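These notes are about the structure you will find just below.
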Amino acid sequence: MTDAQLFGKRLRAARKAADVKQGVLAKALDVDPKHISRLERGKVKPSFDLICEAGRFLKAPFLELEIAEDNPSVLKKRIARDLETAGVDQLQRVHRVLKALVSP
């Protein structure tokens, strides 16, 4: 699988998870709807700006770039905010991952 195809699969999954139609995404990104279709099929490569804009619009963290934060207080607040909407299954997974990362 090429990088373009992998991006396309992730873009399609993020768009569907956000319950957004291709036309709506195209309008938000100021591109032709056919371009979204070609992106999702891996037929064209996205620009860096398009990747960032799509990530922000779809609230897809794997597409979105964040500025590295080194203030522990700010990071804890971000983590707490992200966990507010998590369900029990997600919280259990997060707990297991955190435990594995911080345990000696």
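Throughout, read-outs are computed from the coordinates displayed, never taken from laboratory work. Since we're looking at a predicted model, the values are computed, not measured. Note: ideal-geometry Cβ built from the backbone for every residue, glycine included; neighbour counts use all protein chains shown.
Helix 48-58: angle to the longest alpha-carbon principal axis of the chain, degrees 0 to 90, nearest 10?
70 degrees
Taking the Cα centre of region 3-58 as the origin, how large is its charge dipole in debye, to the nearest 20, when only Lys and Arg (+1) and Asp and Glu (-1) carry charge on their Cβ atoms?
So the dipole magnitude of region 3-58 works out to roughly 280 debye.
Would you work out the charge dipole size for the chain about its Cα centre, treating the Cβ of every Lys and Arg as +1 and the Cβ of every Asp and Glu as -1, and quote it to the nearest 20 debye?
So the dipole magnitude of the chain works out to roughly 440 debye.
Summing +1 for each Lys or Arg and -1 for each Asp or Glu, what net charge is found among the other residues whose Cβ lies under 13 Å from the Cβ of ARG38?
+3
Could you tally up the Lys pairs in the chain with alpha carbons closer than 22 Å? Skip any pair fewer than 8 positions apart unless they're on separate chains.
Value for the chain: 26.
For every helix of n ≥ 4 consecutive DSSP H residues, a contribution of -39,500 (n - 2.57) applies; sum these over the chain, divide by its total residues, and give [θ] at 222 nm rounded to the nearest 500 deg cm²/dmol.
For the chain, the value works out to -20500 deg cm²/dmol.
May I ask which residue of THR2, VAL31, ILE51 lies farthest towards the positive end of the charge dipole of the chain, with charges of +1 (Lys, Arg) and -1 (Asp, Glu) on Cβ and the Cα centre as origin?
THR2
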